[in-house]
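One structure is given here, and the rest of the page talks about it.
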Amino acid sequence: MGTGDGAVVGTTKIVDNGPATVRWNLVIMGDGYQNAQLGQFATDTQNFVNTLFATAPFTALRSAVNVYRVDVRSTDSGADDPAACGGTGATARTYFDAAFCNNGARRLLTVDTGTALTAAGNAVPQWNMVMVIVNSAVYGGSGGQVAVFSLAANANEIGLHEMGHTAFGLADEYEYYLGCGVDTDRNVHPALEPAEPNVTIDAGRTTNKWRDLILGATALPTTRNANCAVCDPQPSPVGANTVGAFEGAHYYHCAAYRPQFTCRMRALGNPFCAVCERRIRQTLAPHLPVVVNRVAAVARTSGHLDVFWANTDGKVWSNWWDQAPGMGWGDHGAFPIARDFPVPVAHDAAVATVARTSGHLDVFWTGLDGKIWSNWWDQGAGMGWYDHGAFPIARDFPAAASPGTGLSAVARTSGHLDVFWTGVDRKIWSNWWDQQAGMGWYDHGAFPIARDFPVFPTEATAVASVARTSGHLDVFWAGSDGKIWSNWWDQGAGMGWWDHGAFPIARDFPVPPAPDTGIAAVARTSGHLDVFWAGTDGKIWSAWWDQIPGMGWYDHGAFPVSASFPVPPAPGTGVAAVARTSGHLDVFWTGTDGKVWSAWWDQQAGMGWYDHGVFPVARDFPVPAAPGTGVTAVARTSGHLDVFWAGANGRVWSAWWDQIPGMGWYDHGVFSI
């Protein structure tokens with residue numbers, strides 16, 4: 001049985017994110033599908049692909065991946081199922097010679113590796129991973145040079161698990177080989193360190209291979225098996241998100257450790273652990289397309305604007321405008337904000353900026369190394385962009401920044417900065433700087449802003465922060481439960497980040513936040529907060545809080561900011577909000593029509609959210625907004641607005657409004673800065 005029992009019929013590129021020479025190419029082939037069953041193979045392949053891209057961290061990495069389906073017909077359906085392992089004894093004439101019962105385990109389903117790799121190479125010479133779906137309902141799979149899985153219950157979960165082995169070099173994290181209560185030779189792991197990144201024999205705090213993800217308060221080992229003759233029956237003593245060293249892994253009951261209590265590499269249907277996610281990101285991130293779609297802007301004076309974006313060359317670029325004659329957008333060129341970038345800007349990098357004084361700028365972005373980087377400019381002599389270098393804002397990052405993470409920065413005083421982002425451990429992290437001696441970036445460590453996160457933040461969630469007073473911070477993000485979450489800090493005693501818990505900002509969310517939605521937060525007074533995001537229903541939603549009793553987060557419901565949305569917000573849209581006065585709000589987002597849209601509210605009677613409609617901020621858009629573009633808005637005076645976004649042509653675009661008659665949104669056109 002083999003290549004004489006079928007033929008390669010054809011190849012179809014079913015996910016196209018660019019040339020095979022620059023993307024990570026997944027080739028999926030079938031075995032045990034007769035010619036009349038190739039339609040079913042196409043359906044099975046698409047089902048797996050749908051599951052793959054709905055699974056973290058692949059959702060945020062989709063644009064790095066091409067998927068090719070190779071149709072292969074076999075003479076017979078199914079696979080060999082030897083009776084020696086309790087199988088039916090059936091044999092099947094198939095092209096890749098699929099068979100269960102390898103190494104004495106019925107579930108170990110393999111194919112002829114050489115034949116599979118040859119067929120994949122002929123179809124897609126630049127392949128990065130080869131996978132074979134076997135047309136059998138018997139449970140099985142394997143993850144060698146070729147990932148193999150059957151169509152048993154949870155078939156796609158099997159495929160994801162085997163993909164972890166083949167594509168990313170991940171180990172099995174379960175503590176048995178044939179099964180708990182079956183094995184008699186799996187008591188203690190040999191004293192040899194495994195090569196895979198997600199299992200170890202070393203539970204030492206300073207030597208463990210994933211020690212950078214373990215918090216200091218986490219016990220090591222985190223669990224111990226009291227009886228090495230059996231699988232450890234104890235439940236987890238810590239939260240599901242906790243990274244530690246849990247005994248029982250790599251097919252052994254004792255002396256081998258896994259990073260989290262459970263993971264998809266231990267039991268199907270669970271998320272990948274933080275260590276596994278990191279390896280997946282490290283593998284796929286270099287294949288992501290570099291796009292201009294994150295934009296940040298700041299008005300350091302009422303007559304000056306600075307705009308920043310991550311460019312396709314792996315650098316952060318800027319342009320500026322000043323109201324003085326000869327200092328307009330076109331009177332000088334855009335430029336990178338550092339002479340050198342020791343680490344390229346991450347693909348789809350977030351960018352944040354803040355002006356803590358009228359003569360000083362700080363800019364932050366994510367690097368390809370998973371760190372948050374910064375550079376600064378000051379109007380003082382010898383303090384320009386090129387007079388010093390870009391730098392990471394912490395000496396160590398216990399958890400790497402999640403690719404695609406949102407990033408937020410705030411100056412709650414002229415001498416203090418706070419920065420927030422999401423880590424690969426699915427926590428919201430922060431670091432801070434103060435101008436006082438001994439309070440610089442490297443004088444303390446980055447830290448998660450809550451003791452526990454009852455719900456994981458969504459992968460690559462937007463992060464918004466606001467300082468409604470000089471001694472108070474509020475931070476917002478999207479949770480994986482379909483809610484917007486928050487935590488706060490106050491300089492008052494007993495009101496630190498860890499003195500209370502993170503919480504959803506509404507009792508109910510009638511509609512979950514849209515995947516990868518932007519989040520905007522604004523404090524239009526020192527005692528009031530408004531938060532905005534896109535919902536899965538194609539509307540922009542909001543919730544608010546006021547310090548007046550009876551006006552807290554749970555005293556009213558979340559709501560859409562307009563009665564109707566003629567055009568839904570674009571998938572992954574950025575959301576920007578600004579309070580140009582204490583009684584007025586403006587909100588901006590991109591629509592599926594490639595335009596930037598807006599809604600506004602004023603405290604005057606008859607000027608509420610539902611008293612007028614949403615609208616595009618320009619009559620015409622010569623170039624549509626880039627998919628997933630960030631949107632940023634600035635009120636440099638109480639009567640003026642500037643909005644910025646990335647266009648599909650890779651340039652940064654803008655529109656402006658002024659309260660002076662004849663200077664409205666439709667009295668002039670949008671323009672590239």
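The values are calculated or read from the model by the stated rules, or taken from the named source; none is laboratory data. Keep in mind it's a predicted model, so treat the numbers as computed, not measured. For neighbour counting, all protein chains shown are included, and Cβ atoms are generated from backbone atoms with ideal geometry for every residue, glycine included. Each accessible area value is taken on the protein alone, full model and side chains, heavy atoms only, with ligands, DNA and RNA left out. Shrake-Rupley method; radii C 1.70, N 1.55, O 1.52, S 1.80 Å.
Some observations on this one:
- Zone residues, segment 53-76, relative to residue 91, backbone N less than 20 Å from point 7 Å out along Cα-to-Cβ: 74-76
- Taking one quarter of the surface of the convex hull spanned by the alpha-carbon atoms of the chain gives a direction-averaged projected area of 32.5 nm².
- Cα-based Rg of segment 166-216 normalised by 2.2 N^0.38 Å, two decimals: 1.35
- Residues listed by number, segment 268-283, amide nitrogen under 15 Å from residue 53 label point at 7 Å toward C-beta: none
- Measuring max minus min along each principal axis, the C-alpha atoms of segment 430-586 give extents of 54, 34, 26 Å (largest first).
- Relative contact order, percent, the chain [alpha-carbon distance under 8 Å, six or more residues apart]: 7 percent
- Dipole of the chain [Lys/Arg +1, Asp/Glu -1 at C-beta], most positive-end residue of 36, 116, 384: 384
- Here is how the number arises for the chain: DSSP H runs of 4 or more residues each give -39500 (n - 2.57), the sum is divided by the residue count, and the result at 222 nm is -2500 deg cm²/dmol.
- Note on residue 582 and residue 369: their simple-model spin labels are 4.6 nm apart, each label 7 Å out from Cα toward Cβ.
- For segment 139-294, the Kirkwood radius over C-alpha pairs fed into Stokes-Einstein at 10 °C and 1.306 mPa s yields D = 97 µm² per second.
- For segment 208-311, convex hull volume per residue from C-alpha positions, Å³: 178 Å³
- Local electrostatic count at residue 637 - Lys and Arg +1, Asp and Glu -1, tallied over other residues with Cβ under 15 Å: -1
- ³J(HN,Hα), Karplus 6.51/-1.76/1.60, whole Hz, each residue of segment 179-189, x for Gly, Pro: x, 4, x, 9, 5, 10, 10, 10, 6, 10, 5
- Shown for segment 1-83: the carbon plus sulfur share of the solvent-accessible area, taken with all protein chains present and a 1.4 angstrom probe, equals 45%.
- Take every DSSP beta bridge whose two residues both sit in the chain; close to 85 percent of them are antiparallel.
- Binning all Cα-Cα separations of segment 92-156 at 10 Å, short to long from zero, yields these whole-percent fractions: 23, 53, 22, 2.
- Distance from segment 271-300 to segment 369-386 (C-alpha centre basis), Å: 22 Å
- In the full protein context, the chain carries 38 Å² of accessible surface per residue, based on a 1.4 Å probe and ignoring ligands, DNA and RNA.
- R0 of 22 Å, Cβ-Cβ distance residue 551-residue 611: FRET efficiency to nearest 0.05: 0.55
- Heavy-atom accessible surface of segment 576-646: percent carbon and sulfur, 1.4 Å: 50 percent
- Area accessible to solvent at residue 511, 1.4 Å probe radius, in Å²: 20 Å²
- Modelled this way, with points 7 Å down the Cα-to-C-beta line, the labels at residue 379 and residue 481 are 4.8 nm from one another.
- Computed from the Cβ-Cβ distance with R0 of 35 Å, the FRET efficiency linking residue 536 to residue 154 stands at 0.85.
- Kirkwood hydrodynamic radius (C-alpha pairs) into Stokes-Einstein, segment 315-367, 37 °C and 0.692 mPa s, D in µm²/s: 256 µm²/s
- Remark on segment 412-474: Rg and Dmax equal 12.9, 37 Å (Cα only).
- When you restrict to C-alpha pairs under 8 Å that are six or more residues apart and normalise by the size of segment 1-108, the relative contact order lands at 38 percent.
- Proximal charge balance of residue 505 [Cβ under 14 Å; K/R count +1, D/E count -1]: -4
- Share of carbon and sulfur in the accessible heavy-atom surface of segment 316-400 [1.4 Å probe, %]: 53 percent
- Summing Cβ point charges (Lys, Arg +1; Asp, Glu -1) relative to the Cα centre of the chain gives a dipole of roughly 220 debye.
- Alpha-carbon centroid distance for the pair segment 2-76 / segment 417-486, whole angstrom: 40 Å
- Residues residue 103 and residue 193, FRET efficiency given R0 of 25 Å [Cβ-Cβ distance, rounded to 0.05]: 0.60
- Only Cα sites of segment 253-304 enter the Debye sum here, all with the same form factor; the resulting log10 I(q)/I(0) across q = 0.23, 0.25, 0.30 1/Å is -0.94, -1.00, -1.12, listed in q order.
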